[in-house]
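Below is one structure, written out as structure tokens, with a few remarks after it.
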Amino acid sequence: MGLEDGNSENARSWARFLATCLVGGVVVAVGVGFGVSLLGSQERHGPQLPLGFPWRRKKNRPIRVYMDGCFDMMHYGHCNALRQARALGDQLVVGVVSDAEIIVNKGPPVTPLDERMIMVNAVKWVDEVIPDAPYAITEEFMKKLFDEYNIDYIIHGDDPCVLPDGTDAYALAKKAGRYKQIKRTEGVSSTDIVGRMLLCVRERSVSENQHHSSLQRQFSHGHSQKFEDGGSGSGTRVSHFLPTSRRIVQFSNGKGPQSDARIVYIDGAFDLFHAGHVEILRIARELGDFLLVGIHTDQTVSAHRGAHRPIMNLHERSLSVLACRHVDEVIIGAPWEISKDVITTFNISLVVHGTVAENNNFQKEQGNPYEVPISMGIFKVLDSPLDITTSTIIRRIVSNHEAYQIRNEKKAASEKKYYEGKSYVTGD
């Protein structure tokens, strides 16, 4: 009785112990190596666990989330997506798709990889950037994300990301149960911005106007005000962006300068916020403790740069600048001329201006906007690291408008193919 009953009791105890281990998600190295083989599989393959062994995030370490994208002509919508992604974890890793992958899947990018890397690295919610990321999440790349970068979840917006063959670029991440979804920012897209740029140059000639018309209809969500009124169509587009105080607060740092802080001030339109803007802001921030950026009104920009500027309205431009990690605060609707009152009110220690700008003849013109800070000895001209202006970006679009027309048509065709016979699968 004793030996047989003892063996039976030992068997039952062993069964309870093993069941407890399995339910708890722990596999121990016992017996004939059963536990070792499963544990080794988990370490090697990440999400590819045997049936019944769901993925469990390791405790006591930061939640790392991954989001990728082209980030071409980066705007506040991209920044808001990154802000939302960062809120789903403790650290945000961003993959920037290579130029070659964009060309294959969408068409030629407006901004090359080096400029897009500068833009993404400058977003205040980004912790780490992976260059040359693939357009689609392949099984090999997903394994790399999980094993090498310790990614817990892959994030994307609620708009479909469709490959040329009509399949979902995030299908594998969803199947692995490691996909989370954020809300797309309405009212802006790179496609829309391209349309706005083409509208702003539509009157260069009658032939160009006819040549661009079909592309404008495809790209632009905005309208020419004078065109709507039955006029010549020479007015600027109307943005669909509706700013709210909550969105501005979400992008703001929420803290002011210390009483003894050295405050540096730089102003401008910051239209089509680009890598040239980011780099001059970085240098300006290094000259003090707090960087205050003045953003000119739409009326001021139009008066000095033409009726078709700015491309982005005041609040759109403000959000793009606020998302930059080098910026501490902005003045929304800053005055063109920097007065003594402005300098005193904001306790400005230094006023700076870059060597590369749309208009650098300010010192020769009557009514120099920097006359007061120059007279006070607190004005400095900074060497701009990049020779890029808003006009540079516009010229890239206009000179290659046929390629962007094909790019937009390709995007529409792939999305149509995706929706035929399918329903879009959303994440949690």
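The values are calculated or read from the model by the stated rules, or taken from the named source; none is laboratory data. Just so you know, these numbers come straight off a predicted model, no measurement behind them. Every residue, glycine as well, gets a Cβ built from its backbone with ideal geometry; the counts of neighbours run over all protein chains shown. These area figures cover heavy atoms from the full protein model, side chains too; ligands, DNA and RNA do not enter into them. Shrake-Rupley method; radii C 1.70, N 1.55, O 1.52, S 1.80 Å.
Split the accessible area of region 102-152 by element, probe 1.4 Å, and carbon with sulfur accounts for 50%. The calculated FRET efficiency for the pair VAL249 and ASP165, based on their C-beta separation and a Förster distance of 51 Å, comes to about 0.75. Counting only other residues whose beta carbon sits under 12 Å from that of VAL93, what net charge do I get with K and R as +1, D and E as -1? Every neighbour counted, the sum reads -3.
When peptides 156-168, 116-128 are sorted by average Cβ neighbour count within 10 Å, with the highest value leading, the order is 116-128, 156-168.
Can you tell me how region 50-178 classifies by the Cα gyration tensor, rounded, prolate or oblate, using a/c under 1.5 as the rounded cut? Working shown, then result.
Working: a/c = 1.96, a/b = 1.31, b/c = 1.50.
Cα axes put region 50-178 in the oblate bin.
Here are some pairs, LYS106/LYS143; LYS143/LYS175; LYS143/LYS174; which of them have Cα atoms lying more than 20 Å apart in this structure? Flagged as over cut-off: LYS106/LYS143.
Which whole-number value in Å² is the accessible area per residue of region 273-370, probe 1.4 Å?
Heavy-atom accessible area per residue stands at 40 Å².
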